[in-house]
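Colleague: My structure is below; once you've seen it, I'll send some questions.
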Amino acid sequence: MPALNRVQLIGRLGKDPESRYTPTGKKVTHFSMAISTRWKTPIDTKEYTEWVSIEAWGRLGEVSQEYLKKGNLVYIEGRLKTDKYEDKGDTRYYTKVVAHAMQFLDRGAGDEPMVIADEEEQAEYELN
């Protein structure tokens with residue numbers, strides 16, 4: 001049976017992207033995104049915000065680090081990845097989105113949106 005692992009998100013950055021290098025020298029950039037949903041009730045307007053961790057590798061990470069700032073509106077396309085770690089003897093899990101493409105949605109008048117895609121389409125990078 002075929003499988004599909006694809007995520008598409010539009011949201012605002014919760015903080016400036018932060019980069020680091022793996023022990024093998026590959027650059028990885030992390031940032032968080034806030035995806036907000038608003039709805040009206042008979043009494044008032046409500047809002048719910050979902051926070052998502054984003055991971056971008058290689059050139060996509062470099063572009064993120066250079067151009068994205070807290071509050072920017074951005075479209076991210078990628079895949080879900082769940083990692084685990086040990087914390088005080090307990091195994092904990094966290095899920096993130098590994099970005100494959102992004103489009104900057106904040107722009108000035110007359111500017112075209114910038115679209116960036118990862119050249120290594122399905123790269124399997126691991127943090128050590």
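Colleague: Exposure proxy check: 66, 55 ranked by fewest other beta carbons within 10 Å?
Modeller: 66, 55
Colleague: Tabulate in residue order the Karplus-calculated ³J(HN,Hα) for the range 42-47, using 6.51 cos²θ - 1.76 cosθ + 1.60 with θ = phi - 60°, rounded to whole Hz; enter x for Gly and Pro.
Modeller: So the Karplus estimates, Gly and Pro as x, are x, 9, 7, 9, 10, 9 Hz.
Colleague: Another question, if that's okay. Please state the charge dipole magnitude for the range 1-67, taken about the Cα centre, from unit charges on C-beta atoms (+1 on K and R, -1 on D and E), reported in debye and rounded to the nearest 20.
Modeller: It works out to roughly 140 debye.
Colleague: Among the trypsin sites (Lys or Arg not before Pro) in the range 1-89, which ones are in a DSSP loop with at most 10 other Cβ atoms within 10 Å of the Cβ? Mind listing them?
Modeller: Here the trypsin sites (Lys or Arg not before Pro) that fit, given the DSSP loop and packing criteria, are 6, 88.
Colleague: Right, next: At 7 Å along Cα-to-Cβ for each site, give me the label-to-label distance between residue 106 and residue 21 in nm.
Modeller: Each label point lies 7 Å from its Cα, and together they span 2.9 nm.
Colleague: Rounded to two decimals, what is Rg over Rh for the range 40-94 when you use alpha-carbon atoms and the Kirkwood radius?
Modeller: Here the Rg-to-Rh quotient is 1.13.
Colleague: Exceeding 32 Å between C-alpha atoms, which entries from my cross-link table qualify? They are 40/84; 15/46; 46/84; 40/96.
Modeller: The answer is 40/84; 46/84.
None of the figures in this text is laboratory data; all of them are computed from the coordinates on show. Source: prediction; values computed, not measured. Please note: Cβ atoms are built from the backbone with ideal geometry, for glycine as well, and neighbour counts cover all protein chains shown.
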